[in-house]
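Structure first, commentary second.
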Amino acid sequence: MSSPAPRNFRPKLHFTPPSMWMNDPNGLFYADGTYHLYYQYNPDDTIWGPMHWGHAVSKDLYHWEHCPIAMEPDELGTIFSGCAVLDSKNVSGFGKNGCSPLLIFYTNDGKCECQSMAYSLDGGMTFTRYSGNPVLGNPGLKDYRDPKVFRNPVRGGYSMIVSAHDRAMFYHSTDLKHWEKTGECKPTPKQIHNADVWECPDIFPMEFGGKTVWVLVVSMIFLGEGHENHMLYLTGTFDGDTFLPDEGAIAERVDCGFDYYAGSTYWGTDERILIAWENCPDYAGQVPTGEYCGQMSLPRVLHLQETPAGKKLAAHPFGMEKIFEDAKPFDGCLTGETFALRISGEGSGSVTLENDFGERVTFGVDEENHVYVDRSASSALQVNNPSWPLMQKSCQPRFYHGRWTIDVVFDVSVLELYCDDGTRCFSNLLFPTHPYKRAVSKGNCQIAFAAL
Ligand code: FRU
């Protein structure tokens, strides 16, 4: 168990577990006016361990009520990441007395990794394991996990994408119980970095210019030095069996910061809403947060946007449009620890948040038209891991030229930045020993402010 936090780093808007360790979001679904969030949870320690599914519910994706643990390890192993499906037509046959079953699919991590299922008849509070588990046995792979089920508009029924070592595998089912393999997806190294392990894939259709474009997202582990683990996306098509990247498509970062991983999207919402684990697998267990470890990103609404560099995934924080529009010109004094900034600029410009103890974080656009976040002086506190000093400045080229807007949400110990309509996003954890007191701008940019 870690030592007490040097101060309270718990964010106000970002979901954190009541205590102990949390990683990936799991089983995200929306029904009857309630958003459900399950998550990888170790209830006995603040470091990763035997995985359970923790559970919380919310009406607005910002105020959460903690619920009892939903899934505990069983004879097939611990409960790794997975998804939820509301089986409204009761094709699985688990429904009773007109009540549609909620199904969850997850990886059992025991002697090997396999895919299992459980169903709930009380809206996701308690689950019964399927007697036929696993629904997918292991095909001889060490890494074979994180099932995500989606509707198959080509064949009808449902498809499941599973990460399988250095690629994804696809399966099809009409009853959600029997699954048949339909294909594999392993883009070329030119299209996507050749990662050591794929994790938490997700795939979804998006409307773009009157057509449907499919987006594949995947989180990638690189075992060698010099690459940080990150989450990528590719655009393409889904032919009913597998995902085919667009001609010339090259994977882009879903988020260019260091703390955004294992994201997944909601089942049952009109908009495509993404939540990720806002931490970095390289040093996640070493952050100085004390009684809890791990937080979720803000919920992000996704869309595809045409840019001078082609079509890109764009994101903005769910429900916060008006907050940014109504942000007020501001005198530079930060009174609270949770606030939004809208920064408008042209050419190079930056904003620094700083306290009276020499700690600061700087972000903006540089002379080369790159967006960046530099947290190298953000705190005297160091995360106790060799990866931390290597992960201080993140920087990526913009997809646009000319004027820019950066929307920022700062929440006690995390900074989320959305540049150019969220076509470039950055998430970074920060642990200033004392709250930042001022925002100082440089170059040609103006700051508007909203307390949150
Ligand atoms: C990603 C991941 C998943 C796995 C889970 C285990 O962070 O490694 O691949 O299911 O975490 O906690």
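What the table below lists for this structure:
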{"quantity": "Test: Val85 is away from the ligand (no atom under 16 Å from the Cβ), crowded, with 22+ Cβ neighbours inside 10 Å, assigned to a strand (DSSP E or B) and not small (Gly, Ala, Ser)", "calculated": "yes"}
{"quantity": "Scan of the stretch 46-67 for residues that are assigned to a loop (DSSP other than H, G, I, E, B) and surrounded by 15 or more Cβ atoms within 10 Å (Cβ to Cβ), ordered by number", "calculated": "Thr46, Trp48, Gly49, Pro50, Met51, Leu61, Tyr62"}
{"quantity": "Gln396 vs. criteria in contact with a Cys (Cβ under 7 Å, 6 or more places away or on another chain), more than 19 Å from Gln446 (Cβ to Cβ) and not β-branched (Val, Ile, Thr)", "calculated": "yes"}
{"quantity": "Thr237 being assigned to a strand (DSSP E or B), of a type in the set (Ser, Thr, Tyr) and either free of Cβ contacts under 8 Å to residues at least 12 places away in the same chain or surrounded by fewer than 21 Cβ atoms within 10 Å (Cβ to Cβ) (or both)", "calculated": "yes"}
{"quantity": "Unmet requirement for Val301, which otherwise passes all of (1) surrounded by fewer than 21 Cβ atoms within 10 Å (Cβ to Cβ); (2) not in a strand (DSSP E or B)", "calculated": "(2)"}
{"quantity": "Cβ-Cβ under 7 Å pairs, at least 6 apart or on other chains, the stretch 134-158 side over 25 Å from Thr212 (Cα atoms), far side more than 16 Å from the ligand (Cβ to nearest atom) and part of a strand (DSSP E or B)", "calculated": "Leu136/Tyr171"}
{"quantity": "Count of the stretch 33-82 residues which are of a type in the set (Ser, Thr, Tyr), more than 15 Å from Ile273 (Cβ to Cβ) and more than 14 Å from the ligand (Cβ to nearest atom)", "calculated": "1"}
{"quantity": "Yes/no for Pro187 being modelled with pLDDT under 95, of a type outside the set (A, V, I, L, M) and in contact with a strand residue (DSSP E or B) (Cβ under 8 Å, 6 or more places away or on another chain)", "calculated": "yes"}
{"quantity": "Residue within the stretch 397-412 that is of a type outside the set (Asp, Glu), under 18 Å from Tyr261 (Cα atoms) and in a loop (DSSP other than H, G, I, E, B) present", "calculated": "no"}
{"quantity": "Residue that is nearest to the chain's Cα centre (by Cα) [pool: residues in the stretch 271-298 that are of a type in the set (A, V, I, L, M) and part of a loop (DSSP other than H, G, I, E, B)]", "calculated": "Leu298"}
{"quantity": "Single match in Gly290, Gly345 (criterion: under 29 Å from His55 (Cα atoms) and away from the ligand (no atom under 16 Å from the Cβ))", "calculated": "Gly290"}
{"quantity": "Test: Tyr418 is in contact with a strand residue (DSSP E or B) (Cβ under 6 Å, 6 or more places away or on another chain), outside any strand (DSSP E or B) and surrounded by 20 or more Cβ atoms within 10 Å (Cβ to Cβ)", "calculated": "no"}
{"quantity": "Tyr30 within 13 Å of the ligand (Cβ to nearest atom), surrounded by 17 or more Cβ atoms within 10 Å (Cβ to Cβ) and hydroxyl-bearing (Ser, Thr, Tyr)", "calculated": "no"}
{"quantity": "Top-ranked residue of the stretch 272-287 - restricted to ones that are of a type in the set (A, V, I, L, M, F, W, C) and within 25 Å of Leu223 (Cβ to Cβ), ranked as farthest from the ligand (Cβ to nearest atom)", "calculated": "Val287"}
{"quantity": "Thr269 being hydroxyl-bearing (Ser, Thr, Tyr), more than 16 Å from the ligand (Cβ to nearest atom), under 26 Å from Lys186 (Cα atoms) and in contact with a strand residue (DSSP E or B) (Cβ under 8 Å, 6 or more places away or on another chain)", "calculated": "no"}
{"quantity": "Condition met for Phe339 (part of a strand (DSSP E or B), at pLDDT 95 or above and closer than 16 Å to Cys419 by Cβ)", "calculated": "no"}
{"quantity": "Residue within the stretch 145-153 that is under 13 Å from Phe105 (Cα atoms) and away from the ligand (no atom under 16 Å from the Cβ) present", "calculated": "yes"}
{"quantity": "From the options Thr423, Thr362, residue that is touching an Asp or Glu at 6+ places or on another chain (Cβ under 7 Å) and either among the hydroxyl-bearing types (Ser, Thr, Tyr) or exposed (fewer than 15 other Cβ atoms within 10 Å of the Cβ) (or both)", "calculated": "Thr362"}
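The values are calculated or read from the model by the stated rules, or taken from the named source; none is laboratory data. If you're wondering where the values come from, they're calculated on a predicted model, not measured in any experiment. For neighbour counting, all protein chains shown are included, and Cβ atoms are generated from backbone atoms with ideal geometry for every residue, glycine included.
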